[in-house]
C-alpha cells in the first residue's frame, strides 16, 4: 500500500513534533502510547511500529497459560503416541 501526505513540524515544549494523520496511524496499526522506531537515511525518515522482542514478550509471562476455547478439546485429548508435555 502506498500513502503520501504532507505534515508540518511544530514546536512542542522544548522539542519539535509533527502530527501523524489518522489514516497513516490506521495503516500502521498504531495506537496512542505505542512505541515507534525512526530510521534516518540521508534525507529520508522511516517510521515503523516497534515490535516487542521475544524476550520482552516473555518478560510479562506469568507462567500460566490459558487455552483459547477453540483449543481446549485439542489440548485435553488423549495422548496416542510418545508426546511430551
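Among the residues of region 37-65, those that are closer than 19 Å to residue 6 by Cα, free of Cβ contacts under 8 Å to residues at least 24 places away in the same chain and under 17 Å from the mean Cα position of the chain (by Cα) comprise 38, 39, 46, 48. Take the conditions in a loop (DSSP other than H, G, I, E, B) and touching a strand residue (DSSP E or B) at 6+ places or on another chain (Cβ under 6 Å) and apply them to residue 7. Does it pass? So residue 7 passes the test. Set side by side, the residues 48, 52 differ, and just one is surrounded by 10 or more Cβ atoms within 10 Å (Cβ to Cβ) and in a strand (DSSP E or B), which is 48.
Can you say whether residue 72 is surrounded by 10 or more Cβ atoms within 10 Å (Cβ to Cβ) and part of a helix (DSSP H, G or I), as far as the supplied structure shows? Can you show your working first?
Working: surrounded by 10 or more Cβ atoms within 10 Å (Cβ to Cβ): yes; part of a helix (DSSP H, G or I): yes.
When the stated conditions are applied, residue 72 passes them.
A single entry from 40, 25 fulfils the requirement of being outside any loop (DSSP other than H, G, I, E, B) and surrounded by 10 or more Cβ atoms within 10 Å (Cβ to Cβ): 25.
The numbers here are math on the coordinates, done by the rules we state, and not lab data. Nothing here was measured: the structure is a model prediction, and the numbers come from that model. Heads up, the Cβs are rebuilt from the backbone with ideal geometry, glycines too, and the neighbour counts pull from every protein chain shown.
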